[in-house]
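**Student:** I have a structure I would like to understand better, so I am pasting it below and will then ask my questions one at a time.
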Amino acid sequence: MFFLALLTLLVLSVADGVGEIGTIRILQRGHRKVRNLIISGEKAFASEWKTIFKYEPEKRAILVSETRFLTVDERGPLGILPEFSSGWHVGKLYRGQRQVSYLRDKDFYVCGDDTIDFIGNCDGALRISLYFEPYSVANL
């Protein structure tokens with residue numbers, strides 16, 4: 001399943017020649033445990049599993065597939081929709097990762113139920129940072 005998702009995004013990436021693929025890692029200040037941002041159903045969660053994303057800087061969008069985009073709900077939760085959500089930015093490469101921001105804000109939150117939120121208006125919210133970890137042929 002993971003390989004199929006990766007292959008799909010690789011084909012998309014090569015086909016249009018724009019953007020790069022990778023995973024999004026979650027770092028919580030003061031903790032060594034590193035988790036990943038995954039998509040399950042229509043929501044974003046913290047998990048040991050991985051979801052492959054594609055970042056398109058020209059659109060300022062992060063794709064989960066050709067027709068599904070990472071979005072921020074007006075109440076704060078991250079999820080996916082068929083309409084792309086502009087405002088995402090992936091910074092310059094530093095130690096193999098690039099920090100993710102939304103509308104120039106680099107702070108996100110992991111809630112008590114492991115969902116990911118932009119506002120932090122959820123039970124058990126802990127501040128986190130998101131990092132895009134680009135894939136290269138060596139990762140395959």
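**Student:** Any residue that is at pLDDT 85 or above and of a type in the set (S, T, Y) - is there at least one of those in region 89-99?
**Tutor:** Initial filter on region 89-99 (at pLDDT 85 or above): 89-92, 98-99.
With the extra rule that they be of a type in the set (S, T, Y), the set shrinks to none.
No, there is no match, as no residue in region 89-99 is at pLDDT 85 or above and of a type in the set (S, T, Y).
**Student:** Confirm whether P82 is buried (at least 20 other Cβ atoms within 10 Å of the Cβ), on the phi < 0 side of the Ramachandran plot, of a type outside the set (V, I, T) and modelled with pLDDT of 90 or more.
**Tutor:** Answer is no for this residue.
**Student:** Also, I was wondering about something else. Is there a residue being over 19 Å from G19 (Cβ atoms) and buried (at least 16 other Cβ atoms within 10 Å of the Cβ) anywhere in region 46-53?
**Tutor:** The first filter runs over region 46-53 and keeps only residues over 19 Å from G19 (Cβ atoms), leaving 46-49.
Those left that are additionally buried (at least 16 other Cβ atoms within 10 Å of the Cβ): 46.
Scanning region 46-53 turns up at least one residue that is over 19 Å from G19 (Cβ atoms) and buried (at least 16 other Cβ atoms within 10 Å of the Cβ).
**Student:** Also, quick follow-up: So which residues in region 96-140 are assigned to a loop (DSSP other than H, G, I, E, B) and of a type in the set (F, W, Y), if there are any at all? First the steps, then the outcome.
**Tutor:** Narrowing region 96-140 to residues assigned to a loop (DSSP other than H, G, I, E, B): 96, 103-104, 106-107, 111-114, 118-125, 135-136, 140.
Matches in region 96-140: F118, Y135.
**Student:** Restricting to region 1-46, and then to whatever is part of a strand (DSSP E or B) and over 18 Å from I80 (Cα atoms), can you tell me which residue is modelled with the lowest pLDDT? Don't jump to the end; show me each part of the working.
**Tutor:** Pass one, region 1-46, residues part of a strand (DSSP E or B): 20-28, 34-40, 43-46.
Those still in the list that are over 18 Å from I80 (Cα atoms) too: 20, 27-28, 34-35.
Working: E20: 93, L27: 94, Q28: 88, V34: 84, R35: 96.
Selected residue: V34.
The values are calculated or read from the model by the stated rules, or taken from the named source; none is laboratory data. Predicted, not measured: the structure shown is a model, and the values here were computed from it. In this analysis, Cβ positions are derived from the backbone assuming ideal geometry, glycine residues included, and neighbour counts consider all displayed protein chains.
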